Amino acid sequence: MKNVFFLFLLTVICSCSNDLESRLDTLGTNIQGREIVKDNVIACAASNEDSEKVSIYFYPRDGATNMQCYSTNTANDDKNNYGNYKLINLPISDVFNGYLMKFDGQFDAEKWVIVTFEESGKIHLSNPIRLKHLSKETEYLPENIEIQTNTQMPIFTWQDGAYTDSKIYFQVVSNSQSNLLSGTYTFAKTFTYYNLNNVVLNITTNTPPELQNETDYVFNLMGVSEDNWVNLFSIKPFALQF
């Protein structure tokens, strides 16, 4: 009888311990008692060119620390319940020499993810990002971009690929050393360097340089859906001829 009671007690203790451990690593638990700022991390996710991985991109801003990524178990979990998000440890790397950053990981199922970082004593959270790497793999289509290069203010235009539900487009002009020169968002399928008339969000921190004739540059484009999944990823080198 004592042995039966001991086994029962051990089972209860282990169950409670596992439940406590699972709660300790949730976003809901980790933000308790902290000042949070919702929807204040610019982030999105895309299928990696390595088809087994997903890349989760974000803009860290100067002064951001303790970058973390959380995910739900499945895409059916309530995306607005922070208790459903568990901390995941993914390798983090620089994009555009650290102007942006990304997490890379393998996911066996589609999920919701949230990126967080600390800034000025507060925890900042991204909007929930819906991973769709199994049902809606990101297209890599450089041929969908046209660039008017006979001017010092080149005009970039593009078309959607197979998916037409992109709500916003992220454009980066970078130099041959992968340094970001400008980073902008538009709702339109066109952008003129460096004209902000149709720009709805600008992450360029310094005044972009004038582009030089017969110099190599790269135009990078993401077409992003309402739930922050990248439908379209295009990279196209160009040089001005004016």
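The values are calculated or read from the model by the stated rules, or taken from the named source; none is laboratory data. Here the structure is a predicted model, which means the values were calculated and not measured. When we count neighbours, we look across all protein chains shown, and the Cβ atoms used for this are built from the backbone with ideal geometry, even at glycine.
At a glance:
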quantity: Residue in the stretch 107-150 that is farthest from the chain's Cα centre (by Cα), counting only those that are among the acidic types (Asp, Glu) and under 16 Å from residue 231 (Cα atoms); calculated: 143
quantity: Residues within the stretch 53-78 that are over 19 Å from residue 223 (Cβ atoms) and assigned to a strand (DSSP E or B), tallied; calculated: 7
quantity: Enumeration of residues in the stretch 41-60 that are at pLDDT 95 or above and farther than 20 Å from residue 227 by Cβ; calculated: 60
quantity: Criterion (over 26 Å from residue 62 (Cα atoms) and under 18 Å from the mean Cα position of the chain (by Cα)) met by exactly one of 232, 180, 240; calculated: 232
quantity: All positions within the stretch 148-177 that are among the hydroxyl-bearing types (Ser, Thr, Tyr), closer than 17 Å to residue 238 by Cβ and surrounded by fewer than 14 Cβ atoms within 10 Å (Cβ to Cβ); calculated: 151, 176
quantity: Identity of the residue in the stretch 23-47, among the β-branched types (Val, Ile, Thr) and surrounded by 20 or more Cβ atoms within 10 Å (Cβ to Cβ), that ends up nearest to the chain's Cα centre (by Cα); calculated: 42
quantity: Candidate set from the stretch 211-242 (those that are of a type in the set (D, E, K, R) and surrounded by 12 or more Cβ atoms within 10 Å (Cβ to Cβ)); member that is farthest from residue 114 (Cα to Cα); calculated: 216
quantity: Test: residue 155 is within 18 Å of residue 44 (Cβ to Cβ) and among the β-branched types (Val, Ile, Thr); calculated: no
quantity: Residue within the stretch 88-99 that is among the charged types (D, E, K, R), more than 14 Å from the chain's Cα centre (by Cα) and in the same structural domain as residue 35 (by TED's automatic domain parsing) present; calculated: no
quantity: Which numbered condition residue 50 fails, given (1) buried (at least 21 other Cβ atoms within 10 Å of the Cβ); (2) outside any strand (DSSP E or B); calculated: (1)
quantity: Residue within the stretch 83-99 that is of a type in the set (Gly, Ala, Ser) and in contact with a helix residue (DSSP H, G or I) (Cβ under 6 Å, 6 or more places away or on another chain) present; calculated: yes
quantity: Qualifying residue in the stretch 64-87 (condition: more than 14 Å from the chain's Cα centre (by Cα), closer than 24 Å to residue 178 by Cβ and modelled with pLDDT of 95 or more); calculated: yes
